[in-house]
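Report on one structure; see the data block that follows.
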Amino acid sequence: AASVLNLMTLGAMHGDEVILAAEGEAAQSSVDAVAELVATDLDSD
């Protein structure tokens, strides 16, 4: 996703399976960060 807004409009519901993929220099760290947010219901506090 090019932005957090794109992720929010994905429409994924609790229990849905989401596959994350990325390309580029920071791909793995980006996927890891998004996966962590999804795993905690996007509660970044």
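Here are some notes:
- Rounded to whole numbers, the Karplus 3J(HN,Hα) couplings from phi for region 11-22 are x, 5, 10, 3, x, 6, 8, 10, 9, 9, 8, 8 Hz, using 6.51 cos²θ - 1.76 cosθ + 1.60 with θ = phi - 60°, and x at Gly and Pro.
- Taking all protein chains into account, the per residue accessible area for the chain stands at 92 Å² (1.4 Å probe).
- For the chain, the Rg and Dmax computed from alpha carbons only, in angstrom: 10.7, 30
- Nonpolar atom fraction for the chain, defined as the carbon and sulfur part of the 1.4 Å probe accessible area, stands at 55 percent.
The values are calculated or read from the model by the stated rules, or taken from the named source; none is laboratory data. Just so it is clear, the model here is predicted, and its values are computed rather than measured. What goes into the accessible areas is simple: the full protein's heavy atoms, side chains included, and nothing from ligands, DNA or RNA. Shrake-Rupley method; radii C 1.70, N 1.55, O 1.52, S 1.80 Å.
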